[in-house]
Structure formats: structure tokens, C-alpha cells
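The block underneath contains the structure these notes are about, expressed in C-alpha cells.
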Amino acid sequence: MQTSRNYRPGYPLNRLFVPFPYVCFILVLATDIAFWQTANLMWQNFSAWLLFAGLLFSALSILAGLVDLIRASTRLQRPSLAEIIGFAIILALALVNSFVHAGDGWTAVVPLGLALSAATVFVIFLTLILGVRSQRTLNWRTP
Amino acid sequence: MTRSRIPPFALLAAGVSLLSLAACNEASDPFDTAHQIGTDPVLPEPSSELLPDLKVAKVVGWKEGETPIVPEGLKITAYAKGLANPRTVHTLPNGDVLVVQSKAPEGEPVSRPKDMIRGWIMSIAHGGDGEQKESNVVTLLRDTNRDGEVDERHDLLTKLNSPFGVAWIDNTLYVAATDAILAYPYTLGQTEITSEPHVLTPLPGGPINHHWTKDLALSPDGRFLYASVGSNSNIVENGLEAEKNRAAIWQVDRQTGASRLFASGLRNPNGLAFNPESRELWTVVNERDELGPNLVPDYATSVKDGGFYGWPWSYYGSHIDARVHPPREDMVEKATKPDYALSSHVAALGLGFSLNSALPAPYSNGAFVGEHGSWNRNAFNGYKVVFIPFENGHPSGKAQDVVTDFIKGDEARGRPVGIGIDGTGALLVADDAGNTVWRIGAADGSVTPQPIGTDQMPGL
């Protein structure tokens, strides 16, 4: 990477928070499947809280990302446009999914909630692959 | 680790999708609620909006001199003001009126993020601003000279656990707190109660105690008490175990306290009253939410011994609710269709029969229903008292508005709950949000020759 001698890369703050929604939303698919198979309401409640937590940390990620925008030291580590769009789609799907999960009873999960959870996980993996494949990886730890 | 910087337009996209969802719900609603009043309501297909319809009326209270509006031939006055959430009114055989004031019990566990939001909406709709008077009190109102004005006021019982229903017979005052039926020794005329109660029978209480109001009625022969126990959820989202002995009306033996389920499948029954002609037990029931603004109609119905009325598996007879899993076809087949629909989300909580009152002709035989109103639609429904005419113990016509104007603009001045006939034969309406009991008498001032208690059945 073409870091100049006086460019000291900073740690992008958004990276502290971005993994939370990914982990939460992937677990939602697991708890939704558990509810679908067992009809045990505990799993439905898990899903609702995981969606809530994921969205909360998404909001923190956005705030952190805005702070990163004004930090020149993180300029080289910004995500690609594809990743940004992927994250936006994940967020939109999870938001709609949390409204679906806020319904009462079986139909709050089966079938629409379950389908949205699966779609969210699909877009998460797609976004992760795009992130890995983008050739802009910067080994920030070792200058 | 991915390296996504969270784009600001994600926030924007989320905001826009929220707004557009809300806009969908703002669409004009061509459905005429009158189609759902009567014995044969029109039931549309269920709809599940992402954001359920919502319109919360902020409680502003009544200013000096303001009253609800009543039709010609009737006259409305404030019977008692400055109360603390009056829910039910009950007339004793000597004409004294008991006003039960209560607040919802605290401590319902938060099981889902939605519960926090629900709690916040409830606090707006019940008017939580400013200093609150102590509630959970039973107050006695006495109109000594029978002129329709209260002359004496005494707090009979305080620090109760969210009481709602009361009944009196054989020098015993029964109070349905949210977790038990309590029996107090009480002679008519007493203005204080100092003795400790005994527990006649425990009722399903907390910690989950979703529909917490327990109403009471006395059987015409005086042997049994009937207690209403509402469901523990909208539609079993707390599990079927939490619904044991709930969504039901209990029959309780006064002598032994032994109880059995008299009728079930009634989501949130209140306003228990015996029809003076047929001597059948009647109740008003709050039906389920989140199937759309025009489902499911709340209803008034006679209650058959052993009757099952559908909740949770079906509504209004055999209309299946797909939210309940696993489905139970056997229960759907058993479900009885209720007698009289009041239209959706009116939140009927009070019921009282007018026979033997001093009210003028159009209101001389029928049922008054207190419609508390709710926030589950984008247009207000309820927030009024209606009258259903009866003949020979059965509804005989269209419900008509009697006490209206609780809503002004988008604000609620009050919300009607319990219905009663006072010791002079006038209608009483408990207004919990307005902290008032309203008296609606004949405009010509006519009164009954002597008081009739709420539990008394003249001619028996």
C-alpha cells in the first residue's frame, strides 16, 4: 500500500460496531428456525431481541461511520460502494423483519419472518465476500 | 472483519421505508363501522400491516363546566369529580353508590422489545401527567335526599390490589381485586370498613396479568358470584400455559369459595350483568387486535353455562385465527357466535340494563354499554356510551349513541368505563381518564319510587 511516511492510519471506529448486527442477524435465522420447528415462544422472543440489538448497534455503527468520515487517518480504509449498499440492504431487511417479528403469534415468524431472516443472512454473506474480494485491504497494524 | 463504513444513506433508507409504511396506514378507510353493529356483523378479511394502525388520544381532562353530550330528553351532570381513575359504579339496595377506583397492577414482565413501546403508549392514553391521586380505593357516594346530587362521600376501602368488580348480599361486601375475591363484613349504611376481609377465592393474578380487570356479578338467587377473568395476552403470545383458567367467566360458590369455569373463550370479558327479563348473564368482551382496523368486533353476549366463544383459536364463531399454532379444528367447531357486535376496537368495558330505571321511553328497556375506546385504529372508535334496545331479554334494534363527546379533536377529555343505575333510577357512567362519575337522568327530573341495588332482581 502506498502509505507515505507521515501518514499514520487510524483505527476506523465503525469496525467496533459493525460485527454486532451481522452476528445478531445471523443468530435470528437460527432462532427463527428453532421456533418454526418447536413452536416454543422463547425462540420468537430471542429473535425479537436479537433484531432489536442488531438495529441498535447498526445505529451506533452509522454514528461511528460518520465520525470516521471526518477523520483523515481512516480515509484509506473506507469500505467500497458495494459494501455500503450491502449494509444498507441488510439494515432495511432487518428493520422490516423486526416489524414482522413484532406481530403476535405464529405468523410473526412463519413464513414471512423466517424468509426475511434467511434473505438477511444471504445479503450478509454476499457483503462479506465483496469486502474480502475488494482489493483495498490495508494491513493497518503493521505500517 | 469487514470494513464497511456505515453509510449515512442507510439511515435515510430506513427512515424513508418507515415513513412510507406509516403512509400506507394513513390511507382513507372506506369501511363503515355501522356494518359491524348488530347481530350479524360484516367481517372483512384479516390484514396484517407491518406497523399496526395506531392513533393515541392524549388525555386532557374536563375543564370547569364541560360535560359530555346527551340526546334530548336526558340531562347530564357531574355526580362526583376529583376521583382517582373510577372504573366501576355499583348501587347498594339503600341507594348508596360505590365507586371503584383502580390502577393497573405494576410489574408485568417485559418479554419483548414491543412490550416497552406498548407500555409507553398506554401511559399516554391513560393520562399520566402530573401529580396522581392515590387510587385503588372504593368510595361511597350518598345522595341523602334523592335529588341526584351527592351529599356525602366516604372512602370505604383503600390500598386495594387493583380492584374492579363489587357485589353485596347478606351483610357481606365482595370486592374483586386483581388477584382474589375478598369478602368484607358490611352492613348497609356503614361509612367505614375496619374489619379485615377473608379471601373467598384467589383469582389468576401476576406477575403476568395482562387483562387485569376482574368484574363481579351476583346470581339472581344470590347463591353464586360470577367473576370475569381476561386473557393474559392479545393472542397467546405469552404461551398457552399463561392462559389457564383465563379468558373465562368463573362461577364461585359464596358459601365455600369453590369455583368452576362457567364459560370460556372470552378474550377480555367485563361488565357482567344479569338481564332482568331473561335472567341470563350478559357480558361485554374486548376482542383481539392486530388483524386490521375492522377486526375483530367487540361484542355483548349472553353467556351460556359451559359456553365456549372461540378465543384464541377462532373469532366471531368459526373464523380461524392463523396466529395460533398449532391450530385446533375441534375447538373452532365448538365456538359459539356471540349475540351482538359493537364494532371493532371500541373497547367495551361496562354493561348495565335499564329496565326498572327512571329513564324516559327510548331507554326504558335495553343495555347501556361503556366504550372506553382504544388506539388500534387510525380513526377513533368507541369513546362513548351506547344503548342497545332489548325486548324480552334479547337485543331488538340498532345501538344508538347516548353519551358522546369524550373525544374532542384528537384529544380525550375522558373515557367511559363502568355503567350503573343510581338509587334514583338515573344512569351513572364511570369516566376513568376524566376522574369523574357522570349522572344522566331524565330531563324532567323523574326518579324511581325507591332505590334498586345493582344486584337486585325486582320481582324475584
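Every number in this text was worked out from the coordinates using simple rules, so none of it is lab data. Note that this is a predicted model, so its numbers are computed, not measured. A quick note on method: Cβ atoms are made from the backbone with ideal geometry, for glycine too, and the neighbour counts reach across all protein chains shown.
Numerical summary
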{"read-out": "Within-11-Å neighbourhood charge of residue B:222 [Cβ basis; K, R +1; D, E -1]", "value": "-1"}
{"read-out": "Shielding of A:86-98 by partner chains, average beta-carbon count, 10 Å", "value": "4"}
{"read-out": "Translational diffusion coefficient (Stokes-Einstein; Kirkwood radius from C-alpha pairs) of the protein assembly as shown at 37 °C, 0.692 mPa s, in µm²/s", "value": "125 µm²/s"}
{"read-out": "Computed lengthening from residue B:328 to residue B:35, 0.36 nm per intervening residue step minus Cα-Cα distance", "value": "102.6 nm"}
{"read-out": "Descending principal axes extents, region B:281-331, alpha-carbon based, whole Å", "value": "31, 28, 12"}
{"read-out": "Cβ-Cβ FRET estimate between residue B:51 and residue B:256, R0 fixed at 60 Å, reported to 0.05", "value": "0.75"}
{"read-out": "Ordering of B:44-54, B:206-216 by packing [mean C-beta count within 10 Å, highest first]", "value": "B:206-216, B:44-54"}
{"read-out": "In order through region B:68-81: 3J(HN,Hα) via Karplus (6.51 cos²θ - 1.76 cosθ + 1.60), integer Hz, x for Gly, Pro", "value": "x, 9, 10, x, 4, x, 10, 9, 10, 9, 7, 7, 8, 10"}
{"read-out": "Amide hydrogen neighbours beyond the local backbone of residue B:60, cut-off 5 Å, H modeled", "value": "B:412, B:413"}
{"read-out": "Region B:318-349 versus region B:350-384: alpha-carbon centroid distance in Å", "value": "22 Å"}
{"read-out": "Residue B:81-residue B:444 FRET efficiency (beta carbon distance; Förster radius 22 Å; 0.05 resolution)", "value": "0.35"}
{"read-out": "Those residues of region B:352-389 whose amide nitrogen sits under 16 Å from the label point placed on residue B:398, 7 Å along Cα→Cβ", "value": "B:386-389"}
{"read-out": "Within 10 Å of each Cβ in B:111-119, the average number of Cβ atoms from other chains", "value": "5"}
{"read-out": "Cα-based convex hull, region A:13-133, per residue volume (Å³, whole number)", "value": "83 Å³"}
{"read-out": "Where trypsin sites (Lys or Arg not before Pro) fall in DSSP loop in region A:1-71, at most 15 other Cβ within 10 Å", "value": "A:5, A:71"}
{"read-out": "Quotient of Cα Rg and 2.2 N^0.38 Å for region B:55-442, N being how many residues it contains", "value": "0.91"}
{"read-out": "Spin-label pair residue A:42/residue B:198, simplified geometry with 7 Å Cα→Cβ offset, distance in nm", "value": "4.2 nm"}
{"read-out": "For region B:231-309, alpha-carbon Rg over 2.2 N^0.38 Å", "value": "1.19"}
{"read-out": "Candidates per chymotrypsin sites (Phe, Trp or Tyr not before Pro) in region A:7-49, loop by DSSP, up to 14 other Cβ within 10 Å", "value": "A:7"}
{"read-out": "Local electrostatic count at residue B:306 - Lys and Arg +1, Asp and Glu -1, tallied over other residues with Cβ under 13 Å", "value": "+2"}
{"read-out": "Euclidean distance between Cα centres, region A:117-133 to region A:50-104, Å", "value": "13 Å"}
{"read-out": "Out-of-range pairs (alpha-carbon distance over 18 Å; input B:103/B:133; B:63/B:408; B:58/B:159; B:304/B:334)", "value": "B:58/B:159"}
{"read-out": "Förster radius 25 Å - calculated FRET efficiency between residue A:49 and residue B:123, Cβ distance, rounded to 0.05", "value": "0.65"}
{"read-out": "With Cα atoms, 0 to 90° folded angle of helix A:19-38 axis to chain A main axis", "value": "20 degrees"}
{"read-out": "Inter-site label distance for residue B:305 and residue B:154 at 7 Å from Cα along Cβ, in nm", "value": "3.9 nm"}
{"read-out": "Nonlocal amide H pairs with residue B:155, under 5 Å, H built at 1.01 Å", "value": "B:140"}
{"read-out": "Segment residue B:146-residue B:170, length gained on full extension (0.36 nm per residue, minus Cα span)", "value": "6.2 nm"}
{"read-out": "Spin-label model distance (nm) - residue B:278 vs residue B:133, 7 Å beyond Cα toward Cβ", "value": "3.8 nm"}
{"read-out": "Separation of alpha-carbon centers, region B:150-216 and region B:61-89, rounded to whole Å", "value": "24 Å"}
{"read-out": "Relative contact order [Cα under 8 Å, 6+ residues apart], chain B, whole percent", "value": "19 percent"}
{"read-out": "Interchain or long-range residues, amide H under 5 Å from residue B:85's placed H", "value": "B:435"}
